[in-house]
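The values are calculated or read from the model by the stated rules, or taken from the named source; none is laboratory data. Please read these numbers as outputs of a predicted model, since none were measured by experiment. Here Cβ is always computed from backbone atoms with ideal geometry, including for glycine, and neighbour counts include all displayed protein chains.
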Amino acid sequence: MDGMSLEEACQHIWDLDANRLIPEKDYDINVQEGKKPYWKEDKANEPFFASVDKNVFQRPTYKTFVALLDNYESQVGIEEVFSNEERQEVNAFLDAILQTAPMQFCHKYCRAKNSDFVPESLSGFRTLLFKIWFELYHRSRGGRADSSGFEHVFTGEIKDDKISGFHNWLQFYLEEQKGKVNYKGYLKPKSNSDAETNDDDHILTLQFEWGGVEKFAGTCFIGVSPEFEMALYTVCFLCGEEDNEITLDTGVDVFGLNIRCYKMAGDKIGTCFPETTSHHED
C-alpha cells in the first residue's frame, strides 16, 4: 500500500467499483453534438439521458445518496439548516458506502499515506468523512453556513448567476427528469485526442443550464457508483495536491484526467472534480 502511487490508487478504485452501471444495459445516454464552450447555440435537442433502469435506485448506496440531494439550498448565501432527519440520512449514506470495496480501500490507502490525519478505526474514518464532506461552512461573504463539500460537488450551487460545482451524473439525471436541466451539448478535451465521444463513455464534459443558469463546462463521471466518487475524491483530497494528473483506463477508453481538489474552511473539501486532458480508445 505504501508503495502504491496516487494514480495506481485511483485506477484500483475504478477496478473495485462493482456497483458501476453498464452503458446501454443499465442506462442510455444521447450525447448528440459537440461544441466549444463559447458557442451560444444549443447543440442538443434531446435530453442527455434517454433512460436509467429504475431498479438502480433501490441499491443501498444509490438510494441513500439520492436521499441527500434535496437537503440543500442551491443559492449561495442562504443559510443551510441541518436537521436531525438530514443528519440521519447522511449517517445512513456513510454506513452504506463504508461497506463497499472502494471506500474500504480508500480508508486503508489514506491511513497508509496520511496516518497523522486519518484514523485507524473505520468509525474514526467515518467521523473524518463527515467532517470533510458534510460539515457546513460559509462560501459567501456574511458568515452564514451556506455550503459544504458534498453540496458543492454533488448537488451544485448557484453563485453570481453561475452554476458552481454540480459534477454528479445522478443529480443531473434527476434534475433533467424534473425539467430543471437543459443539456446543450458536450465539449471535447482541449488536447489532441483521437477518440470519438459516444454513448459508452464514462467521462464527459457537458454544457447545460440548470434553473435558467448556465454551466459552460462541467466534467463528470457517468454511470459510476456514489462510493466510487466519494473514494476517488477523498483519496485525492487527503493524499494528493490541488492538481492530481492521472491516467484512467475505463476498459473502453483511456482518459488523461486532472482531479482538482481545493480546501475551504481550513481542512474541509471546497471542491473536487475531474478535468479531461486527453481521450483515447483502449
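General remarks:
- Residue count, the range 14-51 (criterion: exposed (fewer than 14 other Cβ atoms within 10 Å of the Cβ), in contact (Cβ under 8 Å) with a residue 24 or more places away in the chain, within 19 Å of G185 (Cβ to Cβ) and among the aliphatic types (A, V, I, L, M)): 0
- Some residue of the range 49-61 being part of a strand (DSSP E or B), among the β-branched types (V, I, T), closer than 23 Å to F273 by Cβ and in contact with a strand residue (DSSP E or B) (Cβ under 6 Å, 6 or more places away or on another chain): yes
- When the range 168-190 is filtered for residues that are out of contact with any Gly (no Cβ under 6 Å at 6 or more places or on another chain), in a loop (DSSP other than H, G, I, E, B) and either touching a residue at least 60 places away in the same chain (Cβ under 8 Å) or within 21 Å of T271 (Cα to Cα) (or both), the ones remaining, listed by number, are P189, K190.
- Considering the conditions (1) of a type outside the set (D, E); (2) closer than 29 Å to G218 by Cα; (3) at pLDDT 90 or above, A112 is excluded by exactly one of them, (2).
- Between E227, E241, the distinction of being more than 23 Å from D53 (Cβ to Cβ) and either without any contact (Cβ under 8 Å) to a residue 40 or more places away in the chain or crowded, with 20+ Cβ neighbours inside 10 Å (or both) belongs to E241 only.
- Within the range 202-223, residues that are more than 13 Å from G156 (Cα to Cα) sit with their Cβ atoms under 7 Å from residues that are of a type in the set (K, R), at 6+ positions apart or across chains, in these pairs: Q207/K35; Q207/K184; Q207/K215; G223/R20.
- So D146, is it of a type in the set (D, E, K, R), modelled with pLDDT under 90 and surrounded by fewer than 22 Cβ atoms within 10 Å (Cβ to Cβ): no
- Extreme residue, surrounded by the most Cβ atoms within 10 Å (Cβ to Cβ), among residues of the range 244-274 that are under 12 Å from the mean Cα position of the chain (by Cα) and more than 22 Å from N19 (Cβ to Cβ): C261
- Boolean, L206 is part of a strand (DSSP E or B), at pLDDT 90 or above, more than 12 Å from F273 (Cα to Cα) and within 17 Å of the chain's Cα centre (by Cα): yes
- E151 under 16 Å from A217 (Cα atoms), out of contact with any Cys (no Cβ under 8 Å at 6 or more places or on another chain) and acidic (D, E): no
- The residues in the range 142-159 that are assigned to a loop (DSSP other than H, G, I, E, B) and either touching a strand residue (DSSP E or B) at 6+ places or on another chain (Cβ under 7 Å) or touching a residue at least 24 places away in the same chain (Cβ under 8 Å) (or both) can be counted, and the count is 6.
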